[in-house]
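Written out below as structure tokens is the structure these notes cover.
The values are calculated or read from the model by the stated rules, or taken from the named source; none is laboratory data. Given the structure is predicted, the values throughout are model-derived calculations rather than measurements. As a convention, Cβ positions derive from the backbone with ideal geometry for all residues, glycine included, and neighbour counts pool all protein chains shown. Protein only, heavy atoms only, side chains kept; ligands, DNA and RNA dropped before computing areas. Shrake-Rupley method; radii C 1.70, N 1.55, O 1.52, S 1.80 Å.
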Amino acid sequence: MEIIYKSIHDFDQQELQDLFLSVEWSSGHFPEKLVVAMKNFETVYSAWDGDKLVGLVCAMDDGIMTAYLHYMLVRPEYHRQGIGKRLLEMIKEHYADYLRLVLVAYDKEMDFYEACGFKKADDASAMFITSLWT
């Protein structure tokens, strides 16, 4: 298995749906919206095993100071192969001149992100509103 990394924004609905549902993310139930979202993200890196989408990382930014890592996911059967770490390295390289790269991580993901150089804020908590369609 050779994983190929790409910087693309065009995906088909099925490959996005399969990837997102593989990690049980509710956004996988809206593949048509995911296709549009990928086109709108400033930065998208993906990991491929042949023609199979196995990982993805996306970020939005203000063009100079702050970037927000939005999606970071790898199919479970590809975990612990360095794919997620490589995708994050690509994002970090891309935004190396920015002051801050921000992400929201769930508690079970904290160790992974900390191992990749992220630090938990001592004085902040993630907040969000989830739409009724989820």
Wholly inside segment 12-111, strands (runs of 3 or more DSSP E) that include 1 or more residues that are polar (S, T, N, Q) are 43-49, 66-74
With (1) part of a strand (DSSP E or B); (2) touching a helix residue (DSSP H, G or I) at 6+ places or on another chain (Cβ under 7 Å); (3) closer than 30 Å to residue 124 by Cβ as the list, and residue 5 as the residue in question, which single condition is left unmet?
-> (3)
Within segment 1-30, track down each residue that is out of contact with any strand residue (DSSP E or B) (no Cβ under 9 Å at 6 or more places or on another chain), surrounded by 17 or more Cβ atoms within 10 Å (Cβ to Cβ) and closer than 30 Å to residue 98 by Cβ.
-> 28, 30
Being open to solvent by 60 Å² or more (accessible area, probe 1.4 Å) and of a type in the set (Ser, Thr, Tyr), is that true of even one residue in segment 100-108?
-> yes
Identify, from the list 36, 54, 44, the residue that is touching a residue at least 40 places away in the same chain (Cβ under 8 Å), under 22 Å from residue 17 (Cα atoms) and open to solvent by less than 90 Å² (accessible area, probe 1.4 Å).
-> 54
What pairs can you find where one residue is in segment 69-92 and over 14 Å from residue 5 (Cβ atoms) and in contact (Cβ under 8 Å) with a residue 12 or more places away in the chain, the other is assigned to a helix (DSSP H, G or I) and of a type in the set (Ser, Thr, Tyr), and their Cβ atoms are less than 7 Å apart, with a gap of 6+ or different chains?
-> 75/22; 76/22
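Answer yes if at least one residue in segment 60-74 is farther than 23 Å from residue 125 by Cα and surrounded by 13 or more Cβ atoms within 10 Å (Cβ to Cβ), and no otherwise.
From segment 60-74, those farther than 23 Å from residue 125 by Cα are 63-64, 74; that's our starting set.
When the remaining residues are screened for being surrounded by 13 or more Cβ atoms within 10 Å (Cβ to Cβ), the result is 74.
Yes, segment 60-74 contains at least one residue that is farther than 23 Å from residue 125 by Cα and surrounded by 13 or more Cβ atoms within 10 Å (Cβ to Cβ).
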Tally time: how many residues in segment 117-134 are surrounded by 10 or more Cβ atoms within 10 Å (Cβ to Cβ) and modelled with pLDDT under 75?
-> 1
Identify all residues within segment 78-129 that are within 13 Å of the chain's Cα centre (by Cα), more than 17 Å from residue 45 (Cβ to Cβ) and not hydrophobic (A, V, I, L, M, F, W, C); write none if there are none.
-> 109
